[in-house]
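Let me begin by presenting the structure, written as structure tokens, before commenting on it.
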Amino acid sequence: MGVAVDNPYASAGPWLRGNMHGHSTFSDGSETFEDVLADYERRGYDFLAMTDHDIFVDPTEYRANTTLTLIPGVEVSRNGPHVLQIDARELIEPDRDRQTVVDAINAQGAFAIMNHPNWGYNFNHCPHEVLEAVDGYAGIEIYNGVIERLAGTPLATDRWDMLLSKGRRVWGYAHDDSHSPIDVELAWNVARAAEDSVPAIVEALRTGSFYASTGVEITDVAVADGALRVTTSNAQRIRFIGKHGIYRQTTDGASASYALPTDAEEAEGLAYVRAECYGAGGAVAWTQPVFLNADA
Ligand SMILES: [Zn+2]
Ligand SMILES: [Zn+2]
């Protein structure tokens with residue numbers, strides 16, 4: 001028996017940076033849709049999904065006036081924990097049962113992300129029972145920028161490690177959730193996509209070929225010669241984390257390798273490995289996990 005490694009990262013293709021959670025005056029944002037696009041474009045973003053609350057804004061008419069690759073999105077907000085609908089085709093019913101919401105999102109070929117779990121005075125916008133009970137979402141927000149100025153905590157890697165430790169294959173996303181210009185460029189995803197197009201970027205973001213960041217730049221994530229290797233341009237320390245959130249290795253420097261287990265029992269105990277890359281000023285980049293399976 002050996003060990004099989006599921007690595008979500010595409011081996012080639014451009015790294016493209018974008019935000020998939022933002023609001024305009026179509027819902028409760030302070031700026032017009034056009035002004036928000038211009039802001040992200042000026043900062044050199046490659047793609048953007050605007051996700052106004054419970055309203056579907058078709059980005060088609062805005063494409064002529066921006067260099068951004070625009071992905072259609074909605075934030076399903078009424079009646080329960082907020083759910084992002086990415087690559088949206090049409091508005092869905094905000095059913096109280098979030099399983100029904102996620103199923104409806106998937107049925108139209110879009111994908112779902114559970115938002116800001118640790119928002120609010122109880123740090124519990126999305127109860128963990130809901131995250132565990134609902135199936136079929138692509139991932140959760142592990143960092144939500146606007147919560148820097150709201151109650152709760154932007155960070156939700158605690159929820160992520162709990163889900164991953166129960167065998168769930170869910171990705172960790174970082175978004176601005178921008179409602180005003182002060183929320184822009186706090187957190188983003190960088191996708192390794194086959195090309196700069198809506199279908200290719202959506203596919204990368206849906207299948208885990210991306211990393212989340214608040215400022216550290218990853219230039220490569222690869223599994224080779226039995227190790228997970230992470231290369232960055234500006235990390236000062238890289239930490240590898242496995243099942244139950246246990247720190248498995250900490251390495252100082254801009255790149256690091258973690259030797260993956262070759263023993264099936266060890267692989268089962270580890271279950272997954274993900275890296276956190278820390279830079280100056282508290283900036284972090286989070287890789288997606290690679291999953292380990294005993295291979296018969
Ligand atoms: Zn929300
Ligand atoms: Zn939002």
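General remarks:
- Qualifying residue in the stretch 277-285 (condition: out of contact with any Lys or Arg (no Cβ under 7 Å at 6 or more places or on another chain), hydrophobic (A, V, I, L, M, F, W, C), buried (at least 20 other Cβ atoms within 10 Å of the Cβ) and not in a strand (DSSP E or B)): no
- Residue match in the stretch 217-227 (condition: of a type in the set (D, E, K, R) and within 30 Å of residue 66 (Cα to Cα)): yes
- Checking the stated criteria, residue 113 turns out not to satisfy the condition of being within 15 Å of ligand 1 (Cβ to nearest atom), out of contact with any Asp or Glu (no Cβ under 9 Å at 6 or more places or on another chain) and either among the β-branched types (Val, Ile, Thr) or in the same structural domain as residue 155 (by TED's automatic domain parsing) (or both).
- Residue that is surrounded by the most Cβ atoms within 10 Å (Cβ to Cβ), among those in the stretch 252-276 that are within 26 Å of residue 141 (Cα to Cα) and either under 21 Å from the mean Cα position of the chain (by Cα) or free of Cβ contacts under 8 Å to residues at least 24 places away in the same chain (or both): 275
- Residue in the stretch 56-70 that is at pLDDT 95 or above, within 20 Å of residue 144 (Cβ to Cβ) and within 18 Å of the chain's Cα centre (by Cα) present: no
- Scanning the stretch 27-48 for residues that are in contact (Cβ under 8 Å) with a residue 12 or more places away in the chain, out of contact with any Pro (no Cβ under 7 Å at 6 or more places or on another chain) and within 16 Å of residue 69 (Cα to Cα) yields a total of 13.
- Residues of the stretch 9-20 satisfying the condition of being within 16 Å of ligand 2 (Cβ to nearest atom) and either over 15 Å from residue 206 (Cβ atoms) or surrounded by fewer than 24 Cβ atoms within 10 Å (Cβ to Cβ) (or both): 18, 19
- Flag if residue 28 is among the charged types (D, E, K, R), away from ligand 2 (no atom under 16 Å from the Cβ) and not in a strand (DSSP E or B): no
- The condition (being among the aromatic types (Phe, Trp, Tyr) and either at positive phi or at pLDDT below 95 (or both)) is satisfied by just one residue among 123, 111: 123.
- Some residue of the stretch 189-205 being farther than 20 Å from residue 128 by Cβ, touching a residue at least 24 places away in the same chain (Cβ under 8 Å), exposed (fewer than 15 other Cβ atoms within 10 Å of the Cβ) and among the β-branched types (Val, Ile, Thr): no
- All positions within the stretch 116-164 that are hydrophobic (A, V, I, L, M, F, W, C), within 14 Å of residue 84 (Cα to Cα) and within 14 Å of ligand 1 (Cβ to nearest atom): 126, 140
- When restricted to residues that are more than 16 Å from ligand 1 (Cβ to nearest atom) and either over 18 Å from residue 180 (Cα atoms) or surrounded by fewer than 17 Cβ atoms within 10 Å (Cβ to Cβ) (or both), the stretch 40-55 contains 6.
- Flag for residue 206 being over 16 Å from the mean Cα position of the chain (by Cα) and either under 23 Å from residue 136 (Cα atoms) or modelled with pLDDT of 95 or more (or both): no
- Of the residues in the stretch 119-137, at least one is within 16 Å of ligand 2 (Cβ to nearest atom) and outside any loop (DSSP other than H, G, I, E, B).
- The set of residues in the stretch 89-110 being within 15 Å of ligand 1 (Cβ to nearest atom) and not β-branched (Val, Ile, Thr) consists of 94, 98.
- In the stretch 7-64, of all residues being basic (Lys, Arg) and in contact with a strand residue (DSSP E or B) (Cβ under 7 Å, 6 or more places away or on another chain), the one that is nearest to residue 188 (Cα to Cα) corresponds to 17.
The values are calculated or read from the model by the stated rules, or taken from the named source; none is laboratory data. As the structure is a computational prediction, the values presented were derived from the model and not from experiment. Backbone-built Cβ (ideal geometry, glycine too); neighbour counts: all protein chains shown.
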